[in-house]
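Below you'll find the structure, written out as structure tokens, and then a few comments.
The values are calculated or read from the model by the stated rules, or taken from the named source; none is laboratory data. The shown structure was predicted, so the numbers you read here are calculated from the model rather than taken from an experiment. Ideal geometry is used to build each Cβ from the backbone, glycine not excepted, and the neighbour counts take in all protein chains shown.
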Amino acid sequence: MNFKQGGFTLIESLFVLSVFLIIASISAFLLKPQFHSLEKQQFISQLKADFLYAQQYALSHHVEVVVHILPGEKRYVIHEEQSENFFVERQIPDRITVRGETMTLFFLFKADGNISQFGSFAIYAGKERYRFTFLIGKGRFYVEKE
């Protein structure tokens, strides 16, 4: 009797498995910097959207809305001035630092949409720096990468 078995040897299987593990580990190292970049972009985009939401909430409900950035606690909160119930509470990622520059990290959106103070604060994400600048007037702001 002539039996031919069509399988792989142990050596062949181990070789294929080791090649697969090498390729998988290389791709994991290449994706890590991409994750940090996406995390930074998502945080800045979310912060802008939250500021716009706070301003629109103040306008539509005719109340003052408090924005308080707490860098020591790595979070920021937004709530009505007369209430301590937060309608936005978000964490700041560990790799991101927020620092006040010409304005404090505590300000109000008034009932007419204006901001209580104007100026700028900085966000540091690794080697990159972003500046949020609030203008005098209707609470407009913009973000620029420096």
#### Entry: Which numbered condition Val16 fails, given (1) surrounded by 13 or more Cβ atoms within 10 Å (Cβ to Cβ); (2) among the aliphatic types (A, V, I, L, M); (3) without any contact (Cβ under 8 Å) to a residue 24 or more places away in the chain
(1)
### Query
Given the conditions (1) surrounded by fewer than 15 Cβ atoms within 10 Å (Cβ to Cβ); (2) touching a Gly at 6+ places or on another chain (Cβ under 8 Å); (3) β-branched (Val, Ile, Thr), which single one is not true for Ile23?
(2)
#### Entry: Any pair with Cβ under 7 angstrom, 6 or more apart, that starts in segment 69-81 at a residue that is farther than 19 Å from Ile115 by Cβ and modelled with pLDDT of 90 or more and ends at one that is β-branched (Val, Ile, Thr) and not in a strand (DSSP E or B)
Lys74/Ile92; Arg75/Ile92
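Report whether or not Phe35 is under 15 Å from the mean Cα position of the chain (by Cα) and closer than 14 Å to Gly139 by Cβ. Reasoning before the result, please.
On the way: under 15 Å from the mean Cα position of the chain (by Cα): yes; closer than 14 Å to Gly139 by Cβ: no.
For Phe35, the condition - under 15 Å from the mean Cα position of the chain (by Cα) and closer than 14 Å to Gly139 by Cβ - is not met.
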## Note on the structure
The number of residues in segment 97-146 that are closer than 16 Å to Lys48 by Cα and free of Cβ contacts under 8 Å to residues at least 12 places away in the same chain is 2
